[in-house]
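To keep things clear, I will list the structure first and then write my remarks on it.
No lab work stands behind these numbers, since they all come straight from the coordinates. Bear in mind that the values here come from a model prediction, so they are computed numbers and not experimental data. Reconstructed Cβ throughout: ideal geometry from the backbone, glycine too, with neighbour counts over all protein chains shown.
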Amino acid sequence: MARKLFDILTYCADTTALMAEVAKVDPDRLIVDEQTGQPIGIEIDKTPTVRNGAETLAIVRVDEPTLAKIKALTTIKVLSEVPAGGDLLAAMSKANRALYDKVHDRTPQDILDEQGNVIGQYVPPELIGGFM
């Protein structure tokens, strides 16, 4: 029987605190810098992290036991949760959407040529990433 998978959109206000919490509750998931011995990441299936200052967003694909562990963390807020492949933005509450929008800036950005002339605009996508 196949595992049931979920996509979750996570928010973290302080990744240093997150690393410290994961070190206590699930240390085998930490990715540690070989030279410094300091944690630099968490071993989990996720999209690239979106950062705004110390705050971060990521989409994570997890099974039920891992989802329960993430929900038990005090340093992570699950903004949205859907079966794998579901619409994370549609499932998000208004309050969580406000937090998401605060971190994920979708302000159009000018594209410049070599002389500094505006030749177009890039508008970041509404969703920060996804799984194939």
Residues (touching a helix residue (DSSP H, G or I) at 6+ places or on another chain (Cβ under 7 Å) and over 19 Å from Val78 (Cβ atoms)) located in segment 1-34: Leu30
Test: residue in segment 80-97 that is touching a Gly at 6+ places or on another chain (Cβ under 8 Å) and part of a strand (DSSP E or B): no
Ala91 within 27 Å of Arg29 (Cα to Cα), among the aliphatic types (A, V, I, L, M) and surrounded by 10 or more Cβ atoms within 10 Å (Cβ to Cβ): no
Only listed residue being in contact (Cβ under 8 Å) with a residue 24 or more places away in the chain, closer than 19 Å to Lys46 by Cβ and touching a strand residue (DSSP E or B) at 6+ places or on another chain (Cβ under 8 Å), chosen from Leu73, Leu67: Leu67
Candidate set: segment 76-126, residues that are in contact (Cβ under 8 Å) with a residue 40 or more places away in the chain and basic (Lys, Arg); chosen: the one nearest to Ile42 (Cα to Cα): Lys77
Odd one out for Asp105 among (1) assigned to a loop (DSSP other than H, G, I, E, B); (2) closer than 17 Å to Asp7 by Cβ; (3) among the charged types (D, E, K, R); (4) touching a strand residue (DSSP E or B) at 6+ places or on another chain (Cβ under 9 Å): (2)
Within segment 96-116, tally of residues that are within 17 Å of the chain's Cα centre (by Cα) and hydrophobic (A, V, I, L, M, F, W, C): 3
Segment 21-55: number of residues that are among the acidic types (Asp, Glu), outside any loop (DSSP other than H, G, I, E, B) and surrounded by 15 or more Cβ atoms within 10 Å (Cβ to Cβ): 2
